[in-house]
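Below you'll find the structure, written out as structure tokens, and then a few comments.
The values are calculated or read from the model by the stated rules, or taken from the named source; none is laboratory data. Keep in mind the model is a prediction, meaning the values are calculated, not measured. Because the Cβ atoms are built from the backbone with ideal geometry, glycine has one as well, and the counts that use them run over all protein chains shown.
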Amino acid sequence: MSGVFHSIDTSKANVHDIAYLKDFKTQLSDYILLVGRGYISNEQQLDLFHSVNVRLETPMRSNQKKYKKQAYVFRKARKRIETLFSQLCDQFMIRRNYAKSFDGFKTRILAKITSLTLIQYLNKFVFTRNTNNIKIQIT
């Protein structure tokens, strides 16, 4: 909820998000995951909840029956996640990656995410600033 990375994982590009959740079950329990509209599958949501007590918080599509707006706290957190993705793309140029191997790719991505997390940590706990301000001087 604070906008700081908790954990990350990668999968191959040809693995669908729903299939990835099957492997994910062994890693976490008792969580609420904010996910996109691609995770609306009730069957998958029930399976995760009953097996490892993980609840998927999915925004509803506006044309769904019994449409209900997502709670403010989740909309705010989702906006923070999207802002982080934008910062990684624009300021850390995460899409520009000239790695020659998958291990090199993972290393470069991890280094960029680690540097963002370190800046957030310094802002929050050392300088008592807003974690969103990643372009200000550290000194």
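Please work out which residue is modelled with the highest pLDDT, limiting yourself to the range 1-32 and to residues that are more than 15 Å from the chain's Cα centre (by Cα) and closer than 30 Å to Lys124 by Cβ. So, considering only residues that are more than 15 Å from the chain's Cα centre (by Cα) and closer than 30 Å to Lys124 by Cβ, the one modelled with the highest pLDDT is Asp30. Residues that are surrounded by 15 or more Cβ atoms within 10 Å (Cβ to Cβ), aromatic (Phe, Trp, Tyr) and either in contact with a helix residue (DSSP H, G or I) (Cβ under 8 Å, 6 or more places away or on another chain) or not in a helix (DSSP H, G or I) (or both) do occur in the range 39-62, at least one of them.
Of all residues in the range 68-107, count the ones that are over 24 Å from Leu21 (Cβ atoms) and assigned to a loop (DSSP other than H, G, I, E, B). The total comes to 11.
Assess whether Val35 counts as being touching a Leu at 6+ places or on another chain (Cβ under 9 Å), within 19 Å of Asp9 (Cβ to Cβ) and at pLDDT 80 or above. Here the answer is no, as Val35 does not meet what is asked. Considering Arg78, Arg96, the condition of being more than 18 Å from Ile8 (Cα to Cα) and of a type in the set (Lys, Arg) is satisfied by Arg96 alone.
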